Every structure is written in structure tokens, then in C-alpha cells.
Amino acid sequence: MSTPTAGQTQAVRPRRRHVEPLYWWFLVPSLILFTLAITIPGLVGIFFSFTDSIGVGDWRFIGLTNYVALFSDPAVLQSYLFTFGFAIATVLVVNVVSFMLAVGLTSRIRLKTPLRTVFVIPMVISGIIIAYVFQFLFNNSLPGLGEALGIKVLSTSMLSNPDLAWVALVIVTAWQAIPGTLLIYIAGLLAVPGDVYEAADIDGATKPQQLLRITLPLVFGYVVINMILGLKNFLGAYDIIKGLTDGGPGTSTRSISMTIVGGFNGGDYAYQMANATIFFIITIVISLAQLRLTRGRSL
């Protein structure tokens, strides 16, 4: 066997990849707009979270005072408690219903293509419009139906009940969010090879066994993505809550986003900017968790 020459043993330098100028024409304007519209205002807001600014006029540096006050503010703590409870409940409802619908819409049924189109419709409707439509249903149609059927719980509006208003929010939010999650699950189920199910049929596996032992493990990456993306989206819920309950009754359904926006309008600019900074950090942590959970998973 011949020995390698000195030239062959030298490390081969990788060739530098040539970047077309067209890429820079697309990249640079986007970076400039992102910096001017998001990065700089975000950094300015973080700076003012360490001041006593009300949004206009003079201000002075007060350090961590706003952050310390947040952890003892019952209104802020209540908004975090409601938002996380609402987000977790909605994520579970959306993913369970979406997965069941996806299994049905990828099975051998008639009219599955038109049905997929029907189920996607709520995704293209504005959240505030959905909120106003369901507000009429919860305040008028549903109580009338409850009285006619003699169901005492439904005879009054759920939106006026502090113990049930969050249920109405979960229902409406899930109604709008299910189509997007459904499409991801359909894509995942269609990617599963049919040979796997044929082999399972030959081995005598029942449909529930195939669902639990074949389908779920193979689409688990899609489940993780839907759960994480859904949690991040529902943590920032605003429009449907604003249009449906406006944070009521009282402050029982006031989300973090509503608390922050309300503080901006009420003269608590620096205080709520500190709240927004903490919320931003929480979102970053969830994003990192998503990357950690989905790393290495094939979709």
C-alpha cells in the first residue's frame, strides 16, 4: 500500500462559499426594518423599565424597584395565574380535538377533502370578529336554550360568571386555533408509511393498538411542536379575551397582555414595561425548551 505524499496529508482548506449579491438585497432591508421596528424599541423599553417614566415627560432611574414591586402585586400575579392556566387548558383541548379530527380526516371516509376545507375556515376569520359573534351567542342564544331545556347553569350568561368565563374563552380560542393545529397533524399522519399499518394488520393489531403504539410514536414530533407553539401563542392571548370578556367579570379573565397594554394606557409605562420584560424572558425560555425538545426529531 502506497504511503500518502506530503501534499495529500495537508489539510484541505474548505472553499469559501460565494454569496450572490441578490441575497444581500433581500437580507439587509429586512434586518434594517426588524432593527428599527422591533430591536431598538425593545431595548429602549427594557431601559425604561428601570425608571419611573409614565411614557412622557421627565423620568429618573430607580433600578429594580419596578421588578420587585411586580412580585408583590396581586393584580399582576392573578393575570399570570389566569394566563398560564388558560394557556395550558386551551393547549390540551386544541391538541386532543385536532388529533382526533386529523385521524378521522385521514381515514377512508367519504368527502374528507371538503370536510378539511370546512374545518379550516375558522383560521381565516379575525379573532375580534369571532369574539363578538360568540359574545352574542353566550349572552343571548345559550341562556335562552338553557331556560328552554331547564338547565340552570346555562340559563345565565357564562361570561358574567367568574367561575365559568374562562371556560367560554377556552371554547372560543380553541375553535379558532384547531384548524392550524389540525393541518400540522394531517401532514404528520400522511407522512406515516402505509406499510407500517399493513404489517400491523397482519400481526393482528387492533385500531386502538395501532393508534397508541404506531401512530402516536411516529407523529410525536408533531405533537411536541403543536404543544409548544400553542402554549406560546395562548400565553399572548389578547384579541379574543378583549372582545369576549374585556378581562371580566372584574379581573378574573385579565391576561398578561391585557395587563401590560392597560398599564401603558393608564400611565404605568415603566412598571408594565418591566412586566413585559419578564414576560419576554418567559417566552424565550419556552422557545429554548422547544428547541431542546424538538432537536434531532425528524418530521
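Taken over segment 214-229, the criterion of being among the aromatic types (F, W, Y) and more than 20 Å from P179 (Cβ to Cβ) is satisfied by F220 alone. With the requirement that a residue be free of Cβ contacts under 8 Å to residues at least 24 places away in the same chain and either among the acidic types (D, E) or not in a helix (DSSP H, G or I) (or both), what does segment 84-117 give you? Correct list: S107, R108, I109, R110, L111. Looking only at segment 112-128, decide whether some residue is surrounded by fewer than 11 Cβ atoms within 10 Å (Cβ to Cβ) and at positive phi. Scanning segment 112-128, I find no residue that is surrounded by fewer than 11 Cβ atoms within 10 Å (Cβ to Cβ) and at positive phi, so the answer is no. Within segment 159-169, the set of residues being under 19 Å from the mean Cα position of the chain (by Cα) and surrounded by fewer than 20 Cβ atoms within 10 Å (Cβ to Cβ) comprises V167 only. Restricting segment 129-152 to residues that are β-branched (V, I, T) and within 13 Å of T173 (Cα to Cα), the residue that is surrounded by the fewest Cβ atoms within 10 Å (Cβ to Cβ) is I129. In segment 235-257, the residues that are within 21 Å of I286 (Cα to Cα) reach residues that are of a type in the set (S, T, N, Q) and assigned to a loop (DSSP other than H, G, I, E, B) with C-beta atoms within less than 8 angstrom, at least six apart or across chains, in these pairs: A237/S255; Y238/S255.
For segment 141-250, which helices (runs of 4 or more DSSP H) that fit wholly inside it have 2 or more residues that are farther than 29 Å from L81 by Cβ and either touching an Asp or Glu at 6+ places or on another chain (Cβ under 9 Å) or hydrophobic (A, V, I, L, M, F, W, C) (or both)? The qualifying helices (runs of 4 or more DSSP H) are 142-149, 165-190, 194-202. One residue stands out in segment 179-222 among those that are crowded, with 17+ Cβ neighbours inside 10 Å and of a type in the set (V, I, T): the one that is nearest to the chain's Cα centre (by Cα), namely T181. Filtering segment 57-79 to residues that are of a type outside the set (S, T, N, Q), in contact with a helix residue (DSSP H, G or I) (Cβ under 8 Å, 6 or more places away or on another chain) and assigned to a helix (DSSP H, G or I) leaves Y67, A69, L70, A75, V76.
Go through I54, I46 for me and flag whichever is in a loop (DSSP other than H, G, I, E, B), surrounded by 11 or more Cβ atoms within 10 Å (Cβ to Cβ) and at pLDDT below 95. Answer to the check: I54.
The values are calculated or read from the model by the stated rules, or taken from the named source; none is laboratory data. No experiment lies behind these values; they were computed from the predicted model shown. Glycine also receives a Cβ, built like all others from the backbone with ideal geometry; neighbour counts cover every protein chain displayed.
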